[in-house]
Structures are given as C-alpha cells and as structure tokens.
Ligand SMILES: Cc1cc2nc3c(=O)[nH]c(=O)nc-3n(C[C@H](O)[C@H](O)[C@H](O)COP(=O)(O)O)c2cc1C
C-alpha cells in the first residue's frame, strides 16, 4: 500500500473539508500546513491543497509553510495538487494557488500527477492551467458545491491508477 500524505491550507474550512475527503479515500488523515512538520512531506504520493486568497495568492498558512516545501528534495517523487477557488468571483485568478503549489513542487524535482481537464469551468484565466488542463483538481464550493464529491471521487481514482 502506497504511503500517501495530504497537506492543506484553509481559512474558512472548504479546503479542509476537501482534504479530509481525499485523505479518507486513501485511508489517512489530512494535516494542516499550519501544523505540518518535515516528516509530513515524506510520502510515495504527496497531495498538496490550497484555497486562493487576495488576488491569486496562496492561503495564509501556506505563505509561511511554503518555506518547508522550498527546502525539500522531491526529485523523482510524485506530487498531486488541488485547489479551492471562486470561478465567478475571481475569473482571472481562479485557483491560482494550486498552480503555485505545482510550480513549487516541480522546482523541487517532483513529478506532478493528477492533471484534469479545465473544460466546463466558467473562469477566464488561471495560473493553475496549462494547455487547457488544470495542474490538479480545481474545486469551487462557492458556486458548485454539489460537484465537489464526484470531482474528488474521480480524481482519487485517477491518482490510484497512477500509483498502481
Ligand atoms: C478576499 C477573498 C479573496 C479571494 N481571492 C480568490 C482568488 O483570487 N481566486 C479564487 O479562485 N478564489 C478566491 N477567493 C475564493 C476562495 O478561495 C474560496 O472561497 C475558497 O473556497 C476558500 O477556501 P478555504 O475556506 O479553504 O480557505 C477569495 C475569497 C475571498 C473572501
């Protein structure tokens, strides 16, 4: 059984709820970046999540927690990212924080898995989008909370297949 860790940053609880669902699907518990330690980053698959705040910024706890990610050697390791955002309220910075996490992890040598199609979302621009695909799973509990459980379910299956 692969060792999977989920680390998230959340200000009002949406990303925390998503992280809990994702972690439960892998039989583990999610850890807030506010309380994370270096060993929490050691995994066969590291799943990182952040909501987007300001205009395209990482969630507050990640702003300081990112230093931990910056100091890791993730060469050859698998990382998947997810992000919560508001595609209608912030169409030009939708889920940008997920893109920042993917970029940081790649800088540290990680291989990003779990990209998804961005078709069907109403945003215009996202730093988490590359060639018509999101770098990970984009969730929008402001506008489409009913889609979140299915989106998570499909994504977890995709990750499990990539791990197998
Ligand atoms: C002041 C403020 C700024 C925000 N900025 C963005 C943004 O730039 N891009 C985006 O996609 N969502 C943005 N959001 C929406 C949040 O990311 C969204 O509500 C998210 O679900 C919050 O998750 P959390 O409770 O886990 O922190 C913003 C929300 C607020 C209140």
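So the values come out like this:
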| quantity | calculated |
| --- | --- |
| Per residue Cα convex hull volume in Å³ - calculated over the stretch 90-153 | 85 Å³ |
| Proportion of all alpha-carbon pairs of the stretch 4-163 beyond 25 Å (%) | 18 percent |
| Value of [θ]222 nm, deg cm²/dmol, for the chain, DSSP H segments ≥ 4, -39500 (n - 2.57) each, nearest 500 | -10000 deg cm²/dmol |
| Degrees, to the nearest 10: 14-25 long Cα axis against longest axis of the chain | 50 degrees |
| Residue with peak Gaussian network fluctuation, the chain [Cα springs, cutoff 10 Å], from 122, 111, 34 | 122 |
| For the chain, share of DSSP beta bridges that run antiparallel, in % to the nearest 5 | 20 percent |
| Estimated inter-spin distance, residue 2 and residue 20, nm [label 7 Å along Cα→Cβ] | 2.5 nm |
| Cα→Cβ-extended label distance, 7 Å offset, between residue 71 and residue 119, nm | 4.4 nm |
| Peptides 144-151, 8-15, 62-69 ordered by average Cβ neighbours within 10 Å, highest first | 8-15, 62-69, 144-151 |
| Label-to-label distance, nm, for residues given as residue 143 and residue 63 (7 Å Cα→Cβ offset) | 2.5 nm |
| Nearest-ten-degree value, helix 148-163 long axis tilted from longest Cα axis of the chain | 40 degrees |
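Read-outs: derived from the displayed coordinates by stated rules, not from any lab. Quick caveat: nothing in here was measured; it's all calculated off a predicted structure. Neighbour counts run over all protein chains shown; Cβ positions are idealised from the backbone, glycine included.
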